[in-house]
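See structure below.
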Amino acid sequence: MTVTAQRTMSLGEAVDQTRNEHINAVNAGDVEASVNQFVADGVLLPPGAPALKGQAAMRGWFTQVFGMFHVQGFNIQPGGVEQMGNLAIEHGNWSATFQPKDGTPARTGGGTYLTVYVQQPDGRVLILRDAFNGLPA
């Protein structure tokens, strides 16, 4: 019998993985994958909108955004990550191009963000809170 040891990811590695999955989900316009990056009772704080608490509220927001735009080149550039127990707090910059589905000219967006990640008992990391600015008008 062969036993393979499974390496456990560090909190930092798990944050990197979740961030990359989030980037891929947004660039793909995948509502469910975007929502599933958050804990069930997570909070999304988009600019100019009320706090969206829980995956159902977030699902509505992502559905609206992805219904109106093809998000292209979404990228996150972390400026720093602090770890405290099973939490990681990250801040940095983001950028993307928003191509309206109605054929009007593309708009660029970008700004700063603050994301709080929480490590789950199984080692995965999900987003607990996410706030950002810089969406195009």
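Table for the structure above
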quantity: Unmet criterion (only one of (1) farther than 17 Å from Asn133 by Cβ; (2) part of a loop (DSSP other than H, G, I, E, B); (3) within 16 Å of the chain's Cα centre (by Cα)) for Asp102; calculated: (3)
quantity: Among the candidates Gly109, Gly103, residue that is farther than 20 Å from Asn36 by Cα, small (Gly, Ala, Ser) and touching a Phe, Trp or Tyr at 6+ places or on another chain (Cβ under 7 Å); calculated: Gly109
quantity: Qualifying positions in segment 98-111 - closer than 22 Å to Val15 by Cα and either surrounded by 14 or more Cβ atoms within 10 Å (Cβ to Cβ) or hydrophobic (A, V, I, L, M, F, W, C) (or both); calculated: Gly110
quantity: Residue match in segment 97-113 (condition: touching a Lys or Arg at 6+ places or on another chain (Cβ under 7 Å), modelled with pLDDT under 95 and over 24 Å from Ala40 (Cβ atoms)); calculated: no
quantity: Conditions (1) in a helix (DSSP H, G or I); (2) touching a Lys or Arg at 6+ places or on another chain (Cβ under 9 Å): number failed by Val116; calculated: (1)
quantity: Pair list, Cβ under 6 Å, 6 or more apart: segment 20-45 residue part of a strand (DSSP E or B), other residue acidic (Asp, Glu); calculated: Leu44/Asp130
quantity: Among the residues listed as Gly54, Gly42, Gly67, the single one being over 15 Å from Gln119 (Cα atoms), at pLDDT 95 or above, small (Gly, Ala, Ser) and within 16 Å of the chain's Cα centre (by Cα); calculated: Gly54
quantity: Residue in segment 76-97 that is assigned to a strand (DSSP E or B), surrounded by fewer than 15 Cβ atoms within 10 Å (Cβ to Cβ), within 14 Å of the chain's Cα centre (by Cα) and small (Gly, Ala, Ser) present; calculated: yes
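The values are calculated or read from the model by the stated rules, or taken from the named source; none is laboratory data. Since we're looking at a predicted model, the values are computed, not measured. Quick reminder, even Gly has a Cβ in these numbers, built from the backbone with ideal geometry, and neighbours come from all protein chains shown.
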